[in-house]
């Protein structure tokens, strides 16, 4: 079941990733929201930075930081 907040997170991440990396719908990887096995690291995990690393040719950690910065704008 996709919760409304999950849909909002996916929508915002998709828009930011498209803007930052110039991706169209065909190049945009799917965005999945997971529950981490260790809840002490967070309630949700979104491993999209790993998928974007292939397309953007940047380290996942760099992409994650760029996404966080762009989402905060």
key: Centroid-to-centroid separation of the range 1-25 and the range 26-69 [C-alpha atoms, Å]   = 11
message = Output the 0 to 90 degree angle, nearest 10, between the alpha-carbon long axis of helix 4-21 and the longest principal axis computed from the alpha carbons of the chain.
response = 20
query = Tell me, in nm to one decimal, what length is gained between residue 18 and residue 6 on full extension, where the rule is 0.36 nm per residue of separation less the Cα-Cα distance?
reply = 2.5 nm
key: When the range 1-52 is reduced to its Cα atoms, the Kirkwood hydrodynamic radius in Å   = 11.9
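Find how much the distance from residue 45 to residue 68 grows on full extension, using 0.36 nm per residue of separation minus their present alpha carbon separation; answer in nm with one decimal. Please report the intermediate quantities before stating the final value.
On the way: separation 23, 0.36 × 23 = 8.28 nm, distance 1.32 nm.
In short, 7.0 nm is gained.
Computed from the coordinates by the stated procedures, all read-outs in this text should not be read as laboratory data. Being a predicted model, the structure only gives us computed values, none of them experimental.
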